[in-house]
1. Between residue 85 and residue 254, how many nm apart are label points set 7 Å from Cα along the C-beta direction?
2. Could you state the orientation-averaged shadow area of the convex hull built on the Cα atoms of region 1-59, in nm² to one decimal?
3. Could you check what % of the DSSP bridge pairs in the chain are antiparallel, to the nearest 5?
4. How do 66, 138 rank when sorted from fewest to most other Cβ atoms within 10 Å of their own Cβ?
5. Report the gain in length on full extension from residue 189 to residue 65: 0.36 nm times residue separation, minus Cα-Cα distance, nm rounded to one decimal.
6. At what distance in nm do the modelled label points of residue 209 and residue 146 sit from each other, each positioned 7 Å from its Cα along Cα→Cβ?
7. Sort 137, 35, 229 by Cβ crowding within 10 Å, fewest neighbours at the top.
8. Report, in deg cm²/dmol and to the nearest 500, the calculated mean residue ellipticity at 222 nm for the chain, where each DSSP H run with n ≥ 4 adds -39500 (n - 2.57) and the sum is divided by the residue count.
Ligand SMILES: [Zn+2]
């Protein structure tokens, strides 16, 4: 049987309109404002699989109270987009993958009742008892609210490290941004794509600048692990010629799907 191939569809779910860029690029461009789009990814397989990666943020009201002001334009609700753009209902999905449990990636988890949600074991462990500075980011129990991902906690399917979960779908542990951050390696007609989540927020994290080969993100739970993770991704580039899709780069949304069809010369 030939290996399944997938098309990757980024889905825009609103944005933080005024975001300090250095939270994406550690110690680089401090004070500079940028936008932070929220992006989920739908994977449609040649084998008929329908897989959702990340479920986006809470609504603007909740965010204004517990996080920050958001801009969520009309028509940006995830289940409505799945229905209208892809004719997919929550029950049609095979399973979900959460790159990590930060609120802007997991607040829609409860919208998919009964579906497995793959998360790293160590991500859940940390999310339940993070350092005080990360409690808001996880909406962890100590934060005093019941977060959406906790509502869907029974659906979490825990994995421990790099794991092939399906034909053409591999989870890779990429700690640094968070302890149990994971990327998704997706097999496509154009080779392997890495959905890097917040390990690589922007293309710039990976392309670096004149001084740094790569720039780690400004939000992290472990800087040393972050650098090791970038070495791991370098090895994936070298050995498997992966292509990278960042977690929050507006440029990701310039294409309807990946691989981008080749333009005839
Ligand atoms: Zn994050």
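1. Once both label points are built, they end up 1.8 nm from each other.
2. 5.7
3. The antiparallel proportion sits near 70 percent.
4. 66, 138
5. Contour length minus the Cα-Cα distance gives 40.3 nm.
6. It works out to 4.5 nm between the two label points.
7. Least to most surrounded, the residues fall as 35, 137, 229.
8. Value at 222 nm, helices only: -5500 deg cm²/dmol.
The numbers here are math on the coordinates, done by the rules we state, and not lab data. Nothing here was measured: the structure is a model prediction, and the numbers come from that model. As a convention, Cβ positions derive from the backbone with ideal geometry for all residues, glycine included, and neighbour counts pool all protein chains shown.
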